[in-house]
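Here is the structure we will look at, set down as structure tokens.
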Amino acid sequence: DDLNRARSQLACTTIDGGASAPLGSAVCSDLASKWSTGKTLLNSCVSSAFSGQSTTTTNNCNAFRTQLATYGTAVGALPPSPSNDLANRIGEQKARVATLTRIFNERFVPSILPKGWCREKTAPNGYKGCPAPAW
């Protein structure tokens, strides 16, 4: 929700005291739609991670990765901070997309265990107890 909140509460409002928000309403609506789709895909990826490494998990996570890239492309196409973007909210969106992409690819996806996560929910796949993952 960090990326979404930074967009909706900072980049799409006049919070910094300018006459208008750094991003116009059409851009804000487009990004909100892209993020809504992305959030649904991310939730599917996380849910499937509890079942383990599988084609379904890979497909769900790749779908989120693709949607995040779509969001990132839209943000990357925005012009550099206009005069009403005193706090560089557009640059902040670009940095948050890059951070989320890196965390997802380098930390989240590699953390999915072969039989799935189990300490956070009821153990899947017939696990008896949930041993600490062998990292």
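The values are calculated or read from the model by the stated rules, or taken from the named source; none is laboratory data. All values derive from a computational prediction rather than experimental measurement. Every residue, glycine among them, receives a Cβ derived from its backbone with ideal geometry; neighbour counts consider all protein chains shown. We work out accessible area using only protein heavy atoms, side chains counted, and drop any ligands, DNA or RNA first. Shrake-Rupley method; radii C 1.70, N 1.55, O 1.52, S 1.80 Å.
Checking the conditions here, which among G72, G52 is at pLDDT below 90, small (G, A, S), open to solvent by less than 50 Å² (accessible area, probe 1.4 Å) and out of contact with any Phe, Trp or Tyr (no Cβ under 8 Å at 6 or more places or on another chain)?
G52
Mind listing whichever residues of segment 103-135 are at pLDDT 75 or above, open to solvent by 50 Å² or more (accessible area, probe 1.4 Å) and assigned to a loop (DSSP other than H, G, I, E, B)?
Once the filter is applied, which keeps residues that are at pLDDT 75 or above, open to solvent by 50 Å² or more (accessible area, probe 1.4 Å) and assigned to a loop (DSSP other than H, G, I, E, B), segment 103-135 yields P114, K115.
For segment 84-107, which residues satisfy the criterion of being out of contact with any Ser or Thr (no Cβ under 7 Å at 6 or more places or on another chain), free of Cβ contacts under 8 Å to residues at least 40 places away in the same chain and not acidic (D, E)?
Within segment 84-107, K94, A95, A98, T99, T101, R102, I103, R107 meet the criteria.
Of L100, L78, L23, which residue is at pLDDT 95 or above and touching a helix residue (DSSP H, G or I) at 6+ places or on another chain (Cβ under 8 Å)?
L100
Restricting the search to segment 70-82, which residues are in a loop (DSSP other than H, G, I, E, B) and either touching a residue at least 60 places away in the same chain (Cβ under 8 Å) or under 14 Å from L3 (Cα atoms) (or both)?
Across segment 70-82, the qualifying residue is only P82.
I'm trying to understand the selection: among the residues of segment 59-68, which are open to solvent by 70 Å² or more (accessible area, probe 1.4 Å) and among the polar types (S, T, N, Q)?
Across segment 59-68, the qualifying residues are N59, T66.
Being open to solvent by 50 Å² or more (accessible area, probe 1.4 Å), of a type in the set (A, V, I, L, M, F, W, C), part of a helix (DSSP H, G or I) and closer than 30 Å to W117 by Cβ narrows it down to one residue among A6, A98, A26; which is it?
A98 is the lone residue from the list that is open to solvent by 50 Å² or more (accessible area, probe 1.4 Å), of a type in the set (A, V, I, L, M, F, W, C), part of a helix (DSSP H, G or I) and closer than 30 Å to W117 by Cβ.
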